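Heads up: the structure comes next, in structure tokens.
Since every read-out is calculated from the coordinates, none of them should be taken as a lab result. Computed from a predicted structure; not experimentally measured. Positions of Cβ are generated from backbone atoms using ideal geometry, with glycine treated the same way; all protein chains shown enter the neighbour counts.
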Amino acid sequence: ELLYMKKTRSNQALSRGSQSIASSPKKQKVVRVYLENSGLVLKWICCVLNIDPPCSTNNARSMSSSKLSNPNEEQDLATFLRDGVALCKLVCAVTPKVKSCPLITLGPAFSIHRVVFFLEACRELGMQKKYLFSITDPLVPSGLDVEYKHRFRILRTLSVYSRQLIIKGYKGPY
């Protein structure tokens, strides 16, 4: 059922933005890659943080009927990370020398600071700049990212981040 759900979700997103996305096979691929993999990355983050995913994935049938009919209601990876709190918690969970992040308890005005905290942790881990999303990518509302450009950069950064962690000896959940 999950495979069916991924395909249905990809096709709905492609048809939803057919005017701007269908014109380019590269843009279609970006959307497809994001939709097929963002849920896996979100599950990984939630597993590392020991929290439930924001969109219950326990019942794929109920999710596919209620959430996929209106994709704007669904909280996807980019939406989940928008305020930067999960990014800070992720760094704290996987980096032994970082015990806490005081930015977590601060209000929404500090979202950009939390994103910077995560990006600095990526740099310290040895990630190349070309794999890092920009500071503003998580702040772009999904409705304004019709080509999934910003969301794809977030996905790419987190994928490379997880690979770098493994290379550096991370033994946690994958």
**OP:** Obtain the nm distance between the two label points defined at I112 and D52 by a simple spin-label model: each point lies 7 Å from its Cα along the Cα-to-C-beta direction.
**Re:** 3.5 nm
Original post:
T105 to K149: FRET efficiency via 1/(1 + (r/R0)^6), r the Cβ-Cβ distance, R0 25 Å, to the nearest 0.05?
Top reply: 0.20
Subject >> Cα shape, the range 85-174, gyration tensor, a/c 1.5 rule >> reply: oblate
Original post:
Label points 7 Å out from Cα along the Cβ direction at S24 and I135: separation in nm?
Top reply: 2.6 nm
**OP:** Rank-order 101-107, 149-155 by packing density, defined as the average count of other C-beta atoms within 10 Å over each peptide's residues, highest first.
**Re:** 149-155, 101-107
**OP:** Between V98 and Q164, with labels modelled 7 Å along Cα→Cβ, what's the label distance in nm to one decimal, could you check?
**Re:** 1.0 nm
